[in-house]
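The values are calculated or read from the model by the stated rules, or taken from the named source; none is laboratory data. This one's a predicted model, so the numbers in the text were calculated from it and none came from an experiment. Note: ideal-geometry Cβ built from the backbone for every residue, glycine included; neighbour counts use all protein chains shown.
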Amino acid sequence: MKRITIYDVAKEADVSLATVSRVINDSNVVREDTRNRVQEAIEKLGYKPNAIAQGLALSKTTTISIVMSEKLLSYNAKILNGLMDVAKIYNYNIMFNTTSKGISKMQDVIESIIKSRVDGVILFNDNFTEDEMDVLNEYQIPMVVVGSKFEGKRDENVGNVYVDFEKLVYELVKDAFARGIDDIALMEDKLNISMMKQMKNGIEKAFAEEGKEFKNYLSYDDAYKTSYGYYQDYLKENKPHRLNIAFRDSQAIAMMNAALEAGYKIPEDLEIVSVLDSKYLNMMRPRISAYNIPDYDMGAIAMRLLQKMLISDSDNKERRDMEIRYTPIERDTTESAQ
């Protein structure tokens, strides 16, 4: 028998998750007709909210929940190290939640967080929708979003430790324009939707300032099992773009291998840059240009920020947004490094 969740109630009553949460917690800000509709949905579906309500006791658990996608574990390992090391200093226990498509759904993670009475949440961006964030806000759970800049609705319970990927790519494209390059492509990364949106915004902004339109967003559908297969087929029908920007190593390596196999020279015929650096990019031949992002520091700062949010009172106006700086690493796949 299917377990009924808060998501099912919201869908049945045609309201947001946050509205269901307010009704469950007897908030007086919900209109009476809406409250009745939600309560009718709860009764119809047989939803049992008491287990969640019981998890809201004011006692502290000294437990922090870390939530991230299972597929991004290897890319966020250094951030995790920074988080864990600082958590140990403050004697926090860690409840680690991973999500994977079709297995660990976000609705299960949300209910687990609430029922477990965690003190705070470290959230890797691209995991929660705004509606789901609203639910956690309703329970006044302090959160720090780590990774990219958080674009959703904010309140005093949400902090952000981030790299401004929009600005990074904007500066990269402006530098390419200065070198006479305007044939630029952005390679889609389906695991990092939020980052891709910000990077695309940065490119579009740079193009618009030059009176041009950005058109080369390389996106492939589910017919391709890998980006490598897509780029192989793409280069059979198209010449490579002069500058190709990837978010992480797998896309950059896929494009480089496909281009070399198609007979193109790097960086003479095309340049490739991966935003995230990894040990594999320096092991490749040619070595792939990237950016140095202090991942460990990002994790350590995120945990320190959450700890300050947990102990601060209403008069404490701690800064909730912290931008992490980056520096380019020029290797063999960009001509400026030659």
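Please enumerate the residues belonging to the range 197-225 that are within 17 Å of MET255 (Cα to Cα) and either at pLDDT 95 or above or surrounded by 12 or more Cβ atoms within 10 Å (Cβ to Cβ) (or both).
ASN216, TYR217, LEU218, TYR220, TYR224
Hey, does the range 288-311 have a residue that's among the small types (Gly, Ala, Ser), touching a residue at least 60 places away in the same chain (Cβ under 8 Å) and surrounded by fewer than 21 Cβ atoms within 10 Å (Cβ to Cβ)?
No, that holds for no residue.
Among the candidates ASP233, ASP182, which residue alone is surrounded by fewer than 15 Cβ atoms within 10 Å (Cβ to Cβ), of a type outside the set (Ser, Thr, Tyr) and more than 26 Å from PHE150 (Cα to Cα)?
Step by step, each of ASP233, ASP182 is checked, and only ASP233 is surrounded by fewer than 15 Cβ atoms within 10 Å (Cβ to Cβ), of a type outside the set (Ser, Thr, Tyr) and more than 26 Å from PHE150 (Cα to Cα).
Kindly indicate the residue of the range 268-285 that is more than 19 Å from ILE324 (Cβ to Cβ) and touching a strand residue (DSSP E or B) at 6+ places or on another chain (Cβ under 9 Å) and also surrounded by the fewest Cβ atoms within 10 Å (Cβ to Cβ) among those meeting that condition.
Of everything passing the filter in the range 268-285, ASN282 is surrounded by the fewest Cβ atoms within 10 Å (Cβ to Cβ).
Would you be able to say whether some residue in the range 60-81 is surrounded by fewer than 18 Cβ atoms within 10 Å (Cβ to Cβ), β-branched (Val, Ile, Thr), modelled with pLDDT under 70 and touching a Lys or Arg at 6+ places or on another chain (Cβ under 6 Å)?
yes
Here's the yes/no breakdown for (1) surrounded by fewer than 19 Cβ atoms within 10 Å (Cβ to Cβ); (2) farther than 11 Å from PHE247 by Cβ; (3) at pLDDT 90 or above; (4) in the same structural domain as ILE253 (by TED's automatic domain parsing):
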| site | (1), (2), (3), (4) |
| --- | --- |
| PHE150 | no, yes, no, no |
| GLU156 | yes, yes, no, no |
| GLY159 | no, yes, yes, no |
| LEU172 | no, yes, yes, yes |
| ALA178 | yes, yes, yes, yes |
| LEU186 | no, no, yes, yes |
| LYS190 | yes, no, no, yes |
| MET195 | no, no, no, yes |
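I'm trying to understand the selection: among the residues of the range 315-332, which are out of contact with any helix residue (DSSP H, G or I) (no Cβ under 7 Å at 6 or more places or on another chain) and either modelled with pLDDT of 70 or more or within 21 Å of ALA246 (Cα to Cα) (or both)?
Within the range 315-332, ARG319, ARG320, ASP321, GLU323, ARG325, THR327, PRO328, ILE329, ASP332 qualify.
Keeping to the range 89-147, report how many residues are crowded, with 19+ Cβ neighbours inside 10 Å, modelled with pLDDT under 75 and out of contact with any helix residue (DSSP H, G or I) (no Cβ under 8 Å at 6 or more places or on another chain).
Looking only at that region, the number is 1.
Checking LYS11 against (1) at pLDDT 85 or above; (2) of a type outside the set (A, V, I, L, M, F, W, C); (3) more than 26 Å from the chain's Cα centre (by Cα), which test does it fail?
(3)
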